[in-house]
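Some notes on the structure that comes next.
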Amino acid sequence: IALSEATPAFMTIFDAAGGDVSHPHRVSDPADTTDYAIAIASRLPLGRHSTVKLLGKLRLAIAEVEIDGVMATIEALNPRSTFDAEGQETWKEQIAELTAHVPSIRGPLVVAGDLNSTKFRPEFEDLRRVGLEDAIDALGQAWRPTFSLKSVRPLGVLGRIARIDQALANDQIRAVHV
């Protein structure tokens with residue numbers, strides 16, 4: 001499971017709900033207490049190269065997981081919101097770091113998390129050029145919104161309006177469920 005906004009408070013609730021038993025294998029940075037903290041929690045043991053890595057301004061949780069005898073790489077991220085101060089430029093830098101990083105991964109790759117953007121930004125086309133495709137679209141669920149304005153009245157009555165949480169995969173992964 002790729003966890004965005006994996007703050008200590010959230011992880012305490014996750015574990016109290018049984019996450020520590022059902023998904024005991026973890027990659028996280030316990031020192032990161034920001035709203036952009038990330039983690040990966042797995043039922044399966046993680047490979048020895050599983051870690052949290054900083055690429056410029058982008059923090060990635062990287063897990064190696066053996067699935068049916070094949071080592072797959074799962075990467076979780078939560079780049080800066082474009083609504084934060086200097087968020088637009090920081091977000092672009094973070095996605096550029098991800099785009100530069102993806103070709104270095106050999107084998108099956110999934111990149112997932114709260115990307116704080118829809119897929120309709122030009123930077124997503126850059127991710128496609130380096131071999132990532134939208135796993136949610138591949139399942140025929142393109143319009144599956146994850147973001148709402150519920151805290152903004154009266155717009156909150158609209159419910160979820162856009163998908164900013166993304167799951168991307170290279171051509172060595174076939175999505176079966178999100």
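Of note:
- Exposure check, 1.4 Å probe, all protein chains in place: Val65 carries approximately 10 Å² of accessible surface.
- Annotation: for a label point projected 7 angstrom from Cα along Cα→Cβ of Phe10, residues of segment 26-41 with backbone N closer than 15 Å are 27-41.
- On the basis of the beta-carbon distance and an R0 of 22 Å, Gln172 and Leu54 show a calculated FRET efficiency of 0.30.
- Each of Val70 and Arg106 was given a label point 7 Å from its Cα along the Cα-to-Cβ line. The distance between the two points is 1.6 nm.
- For segment 11-131: rounded, prolate or oblate by the Cα gyration tensor [a/c cutoff 1.5]: oblate
- Rounded, prolate or oblate (a/c below 1.5 giving rounded, otherwise prolate when a/b exceeds b/c) for segment 1-73 by Cα gyration tensor: oblate
The values are calculated or read from the model by the stated rules, or taken from the named source; none is laboratory data. Just so we're clear, the structure is a prediction, and the values are computed from it rather than from any experiment. Neighbour counts are summed over all protein chains in view; Cβ atoms, including those assigned to glycine, are modelled from backbone coordinates with ideal geometry. Just so you know, the surface numbers come from the protein's heavy atoms only, side chains and all, with ligands and any DNA or RNA stripped out. Shrake-Rupley method; radii C 1.70, N 1.55, O 1.52, S 1.80 Å.
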